[in-house]
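J.: Sharing a structure, written as structure tokens. Questions coming.
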Amino acid sequence: MAELILDHLCKMYDSEKKKGDKAEIAVNDLNLKCKDGEFIGILGPSGCGKTTTLRMIAGLEEITSGGIFIGERKINNVEPKDRNVGLAFEDYALYPPLTVYDNIAFNMRARKINDVDIKREISRIAPLMKIEKLLQKRPAELSGGQKQRVNIARAIIRKPKLLLLDEPLSHLDGKMRQVLRTEIKRLHNEIKCTTIIVTHDQLEAMSLADRIAIMNNGKLQQFGTPLEIYESPQNEFVAGFIGEPPMNLNRVTVIKLGDSLQFAFEDSQVRIAVPAKYNDVLKNGMVVKMGIRPTDFIINNPNGKGGTEVKVAVFENLGEEKRISIRIGEEYLTIVTADEKRYHPGDMIKIEVKDDRAHIFDISTGERLSLKN
């Protein structure tokens, strides 16, 4: 195991456009500290810099500035083969003419390890990855899930201090992704190796990682546990990226009605009470971005203290949950409910927000509004 530290890490690519254009910044001043044995997820949309970060850690990309430390050792100029890092590629990268056994043994033979030690290590790893019956088969005979198991086995047989997984489930179908997620988590718990997974799939990151680093446009947006990121997103990007269905994010104006403050939606008569905790930071007339998760609405609460009537636009019955879409001006609100009642377009329902479940973001910066102490 090893502690991993990324210290002001930066990666820039020279622009291929007209002379004078600025270089493209792929990773911008990234600071991250991963504890010994921790499982870290790097999550973000395509092009956000997550794979570039992984490749710099592995030594496959040059660093523009900053430092990478494994334990107390700075590895900026250390050759990839000497970093003691295991990397499982997205596209498996198995050698078609070789058997599974020989694919796993390939790097060990390149390091002049004798056949007895290679056989002992493969005998240890194969049951761990549940591939002991595949060792004499070739890659063409394997399913996608089996290929990925071999890919990961090849990465961990070196007993690396750091295991890097680059989109390991992206080519698999839904059921196999779920199976391998469980296997990867089990594997991590057994080998207790500091592990980093790069993914654009929030479900993978949320289910596997102890902590998640969310990136966008090369910059770190938030780093925390899955629960911290879900319940307290630091900005509008994180709020909208995490959660399925995504958080409702709507532009609202704060209005004062009597002694209370309410959120007024644009081009609509819909009003939602402002949680009391925001009374000291919101004033009459302020325009903010309000975020509410679809699961944080209450429908037709007989004991409710208020609420507002809205018209159902779309109703979707997905089995365990039902989704209701409400049209408000030019935007929609999505509501998730376990209510067994079937609604129809045009039905009127009364909605209110669960106490203190509204998130407020600055309309210009997108940053979460801090509460006053």
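J.: Could you grab me the full set of residues in segment 60-81 that are at pLDDT below 90 and under 18 Å from ARG154 (Cα atoms)?
T.: LYS81
J.: Using the structure shown, decide if ILE184 is of a type in the set (A, V, I, L, M, F, W, C), within 26 Å of LEU9 (Cα to Cα) and buried (at least 19 other Cβ atoms within 10 Å of the Cβ).
T.: On the way: of a type in the set (A, V, I, L, M, F, W, C): yes; within 26 Å of LEU9 (Cα to Cα): no; buried (at least 19 other Cβ atoms within 10 Å of the Cβ): yes.
So ILE184 fails the test.
J.: Please note which strands (runs of 3 or more DSSP E) are completely contained in segment 213-326 and include at least 3 residues that are closer than 19 Å to ASP356 by Cα. Reasoning before the result, please.
T.: Details: elements: 219-224, 248-257, 260-265, 271-273, 287-292, 297-299, 308-317.
The qualifying strands (runs of 3 or more DSSP E) are 248-257, 260-265, 271-273, 287-292, 297-299.
J.: Filtering segment 300-314 down to residues that are modelled with pLDDT of 90 or more and surrounded by fewer than 16 Cβ atoms within 10 Å (Cβ to Cβ), which residue is farthest from VAL274 (Cα to Cα)?
T.: VAL314
J.: Moving on. Among the listed residues ASN76, ASN84, which satisfies the condition of being touching a residue at least 40 places away in the same chain (Cβ under 8 Å) and over 24 Å from the mean Cα position of the chain (by Cα)?
T.: ASN84
J.: Next question. Which residue pairs have Cβ atoms closer than 8 Å, lie 6 or more positions apart in sequence or on different chains, and pair a first residue in segment 362-373 that is more than 10 Å from LYS289 (Cβ to Cβ) and part of a loop (DSSP other than H, G, I, E, B) with a second residue that is modelled with pLDDT under 95 and hydrophobic (A, V, I, L, M, F, W, C)?
T.: Correct list of pairs: SER370/VAL281; LEU371/VAL281; LYS372/VAL281.
J.: Just checking, does segment 102-117 include any residue being at pLDDT 90 or above and in contact with a Pro (Cβ under 6 Å, 6 or more places away or on another chain)?
T.: There is no residue in segment 102-117 that is at pLDDT 90 or above and in contact with a Pro (Cβ under 6 Å, 6 or more places away or on another chain).
J.: Inside segment 181-202, can you point out the residues that are closer than 14 Å to ALA155 by Cα and among the aliphatic types (A, V, I, L, M)?
T.: The answer is ILE184, LEU187, ILE191, ILE196, ILE197.
J.: Which members of segment 96-127 meet the condition of being within 19 Å of VAL85 (Cβ to Cβ), touching a residue at least 40 places away in the same chain (Cβ under 8 Å) and of a type in the set (Val, Ile, Thr)?
T.: Within segment 96-127, just ILE104 meets the criteria.
J.: Next question. Looking only at segment 21-52, filter to residues that are assigned to a loop (DSSP other than H, G, I, E, B) and more than 17 Å from the chain's Cα centre (by Cα); which one of those is surrounded by the most Cβ atoms within 10 Å (Cβ to Cβ)? Full working, then the answer.
T.: Let us first name the residues in segment 21-52 that are assigned to a loop (DSSP other than H, G, I, E, B), namely 21-23, 35-38, 44-49.
Then drop every residue that is not more than 17 Å from the chain's Cα centre (by Cα), which leaves 21-23, 35-37.
Details: ASP21: 10, LYS22: 8, ALA23: 11, LYS35: 14, ASP36: 13, GLY37: 16.
So the residue we want is GLY37.
J.: Suppose we keep only residues that are at positive phi and among the small types (Gly, Ala, Ser) within segment 321-366. Which one would you say is surrounded by the most Cβ atoms within 10 Å (Cβ to Cβ)?
T.: Within segment 321-366, the match that is surrounded by the most Cβ atoms within 10 Å (Cβ to Cβ) is GLY366.
J.: May I ask you to say which residue of LEU318, LEU257 is surrounded by fewer than 18 Cβ atoms within 10 Å (Cβ to Cβ), over 28 Å from the mean Cα position of the chain (by Cα) and either modelled with pLDDT under 85 or not assigned by TED's automatic domain parsing to the domain that holds GLU204 (or both)?
T.: After ruling out the rest, the residue left standing is LEU257.
J.: Also, I was wondering about something else. Determine, yes or no, whether MET206 is among the hydrophobic types (A, V, I, L, M, F, W, C), touching a Pro at 6+ places or on another chain (Cβ under 8 Å), at negative phi and surrounded by fewer than 21 Cβ atoms within 10 Å (Cβ to Cβ).
T.: It is true that MET206 is among the hydrophobic types (A, V, I, L, M, F, W, C), touching a Pro at 6+ places or on another chain (Cβ under 8 Å), at negative phi and surrounded by fewer than 21 Cβ atoms within 10 Å (Cβ to Cβ).
J.: OK, next. Consider segment 53-66. How many of its residues are polar (S, T, N, Q) and surrounded by 22 or more Cβ atoms within 10 Å (Cβ to Cβ)? First the steps, then the outcome.
T.: So the first thing to find is which residues in segment 53-66 are polar (S, T, N, Q), and the list is 53, 64-65.
Still in the running and surrounded by 22 or more Cβ atoms within 10 Å (Cβ to Cβ): 53.
The qualifying residues number 1.
J.: When you scan segment 93-112, how many residues do you find that are surrounded by 14 or more Cβ atoms within 10 Å (Cβ to Cβ) and part of a loop (DSSP other than H, G, I, E, B)?
T.: Selection size over segment 93-112: 3.
J.: Determine whether LEU187 is touching an Asp or Glu at 6+ places or on another chain (Cβ under 8 Å), modelled with pLDDT under 90 and either aliphatic (A, V, I, L, M) or not assigned by TED's automatic domain parsing to the domain that holds ASN103 (or both).
T.: no
J.: Something else: Would you mind stating whether LEU220 is within 24 Å of GLU321 (Cα to Cα), of a type in the set (A, V, I, L, M, F, W, C) and in the same structural domain as ASP36 (by TED's automatic domain parsing)?
T.: no
J.: OK, next. Looking only at segment 327-341, filter to residues that are in a strand (DSSP E or B) and among the charged types (D, E, K, R); which one of those is farthest from ALA313 (Cα to Cα)?
T.: It comes out as GLU331.
The values are calculated or read from the model by the stated rules, or taken from the named source; none is laboratory data. Just so it is clear, the structure is predicted and the values come from calculations on it, not from any experiment. All Cβ positions, glycine included, derive from the backbone under ideal geometry; neighbour counts span all protein chains shown.
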